[in-house]
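The values are calculated or read from the model by the stated rules, or taken from the named source; none is laboratory data. From a predicted model like this one, the values you see are computed outputs, not experimental measurements. Here the Cβ is made from the backbone with ideal geometry for all residues, glycine too, and neighbour counts use every protein chain on show.
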Amino acid sequence: MKTLSYIGSLLLLLAMGCRKVTYNSIGKPAYFRFFNSMNYLITPATKDEPQPYLAMVVDPQFDANGVVTGGAVVGDFLDKRATYAPPYPANAGNTSVDNYEYPGSEKVLVGPILNGFDLSSWAQIASGKHRFVFYSRPVSQTPFFQLAANQRKFVFADTTVDLAEGEVYTMELLQHDVYSNPVQIDFYMRQEQFTKLSFDDSLCYVNFYNLGADGFTAQAIAQQGTQGGGNYIQDTMNIYMTLHYPDSASWPGNAVVPGYQYIPVNAVIRSHNSGVAPYISFPVFPAYAGVDTTFTRSGIWEEFMFLSPDYYPALGSFPSYNASLGDYAVLACTSRYYQKGNYGPPNNDAYLSPNLIITIPSGTSGNRSFSTISTVEVINNQAYVMSVQRQYAPPVETY
């Protein structure tokens, strides 16, 4: 009898422990990622502008009064983007309601490994035509559709796009110009090409965009003068690359890799057109004896100098950083800093970013450095970096 009772209890536990798992899927998907790039400041002079804190509703549904009540895809609490978007969902474990991109911390279907690239930072969506509506919403923890009806009416942007199957899209909201009152918004969508191109794993790749608002630099010069030097750039800038290696453990180091100083790599022109800029590349050098490998085993970091066409980066031929009036700016990818800060003379308040070479535990080898394909976007007074990465061996646990 005890045996039968035991067997019955075991069968009951097994029955309770089993359930059918249904996996969601999207047929013929496209992949999209959205950034809130509305980085204008709310000041007493701009107090009447809509708050750049967003809810995104795809294929919205409305009630009889025209108030949005739902949608096929919803991204809520979309705050202004972070300055660095790494090649993995950086805020997937974020406990705050704020989301610095979409999908970000949203629990949705994301992209696969496509041509070796990890698309887990891009959300899946059915291919075809979709209406995207972006609403300005109050900064609170109340979900968008629980807000009062009169708080769900402030439309920032409303557009319809046709998304092709298997394609990868990066979307943003941008300030059109500094003259419009109220603020005028551009919906920007770039159809990425990195999944279709051939890349060498021994090289790191990067391209550049100036997505600033029309008139921003002229306005900044009028308001800030030399006090804002390096915090904005002219509409047309040439870019020069210098590779450095650390010469001490306490500082990123300014020693120059021989043959990699002031190399002209590209020109960037302010535009909100959706074309893809060409990529430039540089080698991923192996680590060498004595290098501080805390932040990178490659032993280098990257500096990109933005100069107006009137200047050339020979010593003494470009303006002092704090008097540049938009003619000179620097992006320093030192890996130790994530926003503007002390980069060292003469480049105080440079744009700062993590290294474009990613260092992460991999396989049985501990920390390894990997190349990325990165995009640098200068938007008004800030530089933003987005990196994607090929698949790499996961770390192996050791005991």
Among the residues of region 72-99, write down those that are of a type in the set (Asp, Glu) and in contact with a helix residue (DSSP H, G or I) (Cβ under 9 Å, 6 or more places away or on another chain).
ASP76
Filter result for the condition that a residue is more than 15 Å from MET189 (Cβ to Cβ) and surrounded by 16 or more Cβ atoms within 10 Å (Cβ to Cβ), over ALA85, ALA149, ALA157, ALA123:
ALA85
Just checking, which of TYR53, TYR135, TYR84, TYR102 is under 18 Å from the mean Cα position of the chain (by Cα), more than 29 Å from THR195 (Cα to Cα) and either in the same structural domain as MET38 (by the TED database) or in contact (Cβ under 8 Å) with a residue 60 or more places away in the chain (or both)?
TYR53
Out of the residues in region 203-225 meeting the condition of being in contact with a Leu (Cβ under 8 Å, 6 or more places away or on another chain) and assigned to a strand (DSSP E or B), tell me which one is surrounded by the fewest Cβ atoms within 10 Å (Cβ to Cβ).
VAL206
Of these, TYR179, TYR205, which one is aromatic (Phe, Trp, Tyr) and assigned by the TED database to the domain that holds THR69?
TYR179
Before we move on, is GLN61 part of a strand (DSSP E or B) and either charged (D, E, K, R) or surrounded by fewer than 16 Cβ atoms within 10 Å (Cβ to Cβ) (or both)?
yes
Go through (1) closer than 30 Å to GLY27 by Cα; (2) in contact (Cβ under 8 Å) with a residue 24 or more places away in the chain and name the single condition SER198 misses.
(2)
Can we say ASN24 is modelled with pLDDT under 90 and within 26 Å of the chain's Cα centre (by Cα)?
no
Can we say VAL168 is within 29 Å of PHE370 (Cα to Cα), of a type in the set (A, V, I, L, M, F, W, C), touching a helix residue (DSSP H, G or I) at 6+ places or on another chain (Cβ under 6 Å) and crowded, with 19+ Cβ neighbours inside 10 Å?
yes
Quick one: in region 226-239, of everything that is modelled with pLDDT of 65 or more and not in a strand (DSSP E or B), which residue is surrounded by the fewest Cβ atoms within 10 Å (Cβ to Cβ)?
ASP235
Residues that are under 21 Å from VAL256 (Cβ atoms), small (Gly, Ala, Ser), at pLDDT below 70 and surrounded by fewer than 17 Cβ atoms within 10 Å (Cβ to Cβ): does region 365-379 have at least one?
no
Please specify each residue of region 354-364 satisfying the condition of being modelled with pLDDT under 90 and closer than 28 Å to VAL330 by Cβ.
PRO354, ASN355, ILE357, ILE358, THR359, ILE360
Exactly one of VAL265, VAL183, VAL161, VAL257 is at pLDDT 95 or above and either aliphatic (A, V, I, L, M) or touching a helix residue (DSSP H, G or I) at 6+ places or on another chain (Cβ under 6 Å) (or both), and that one is VAL161
